[in-house]
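Report on the structure given below.
Since every read-out is calculated from the coordinates, none of them should be taken as a lab result. Quantities reported herein were computed from a predicted structural model and do not represent experimental measurements. Every residue, glycine as well, gets a Cβ built from its backbone with ideal geometry; the counts of neighbours run over all protein chains shown.
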């Protein structure tokens with residue numbers, strides 16, 4: 001098996017570690033499919049605040065940015081009618097990523113529009129649509145590989161601790177303020193620290 005360019009980026013992004021073994025990364029999606037399907041299984045879909053009466057709008061489609069295949073989430077986040085989010089969501093409960101307990105966090109390669117976005121995790125403990133475990137990141141207008149440790153995720157309107165053995169959905173979200181979202185996702189993976 002030939003290593004993908006994403007594997008090399010992971011190696012460069014993994015600060016403080018001289019080696020990164022293949023077993024230390026579980027690639028969920030690296031956009032090889034060219035469609036909305038992820039390489040690990042499951043299909044990306046767009047979710048907006050319309051499920052709660054909001055008026056935000058979004059599009060989700062495969063794209064290429066700076067010669068790199070990606071999944072592009074574009075739209076307008078609006079606050080009317082108690083709205084305020086758009087999301088690229090991937091259900092993982094029927095994949096090996098559903099048990100993330102052997103990993104330390106999420107690797108995400110993104111190209112944005114100099115805006116702040118969230119990564120949301122949903123588990124078997126999350127019942128209500130507004131509940132999730134959330135981490136925030138900045139997405140500059142260039143490709144960047146981010147490491148979001150699970151310890152950085154905080155529960156939103158949920159008392160239970162994050163149960164990494166019951167991961168059901170991963171969502172990349174534009175949320176909380178009115179703005180134009182434009183975020184490209186080239187890869188998504190779970191990582192394990194080796195030191």
Original post:
So between residue 179 and residue 113, what do we pick up on full extension, going 0.36 nm a residue minus the alpha carbon distance?
Top reply: 22.7 nm
Original post:
What full-extension length gain, to one decimal in nm, is calculated for residue 32 and residue 193 as 0.36 nm per residue of separation minus the Cα-Cα distance?
Top reply: 55.4 nm
**OP:** Would you mind ranking 111, 133 by Cβ crowding within 10 Å, fewest neighbours first?
**Re:** 111, 133
Original post:
Can you sort 35, 168, 109 so the residue with the fewest Cβ neighbours within 10 Å comes first?
Top reply: 35, 168, 109
Subject >> Estimated FRET transfer efficiency when R0 is 25 angstrom, pair residue 81-residue 125 (beta carbons, to 0.05) >> reply: 0.35
Subject >> Peptide ranges 76-84, 112-120 listed from the most packed, as the mean C-beta count within 10 angstrom indicates >> reply: 112-120, 76-84
Original post:
Residues in the range 123-154 near a label at residue 166, defined as backbone nitrogen under 14 Å from the 7 Å Cα→Cβ point?
Top reply: 123-128, 132-133
Original post:
Would you list 44, 130, 143 from fewest to most Cβ contacts within 10 Å?
Top reply: 130, 143, 44
Subject >> Gain upon complete extension [residue 141, residue 159; 0.36 nm per residue less C-alpha separation] >> reply: 2.9 nm
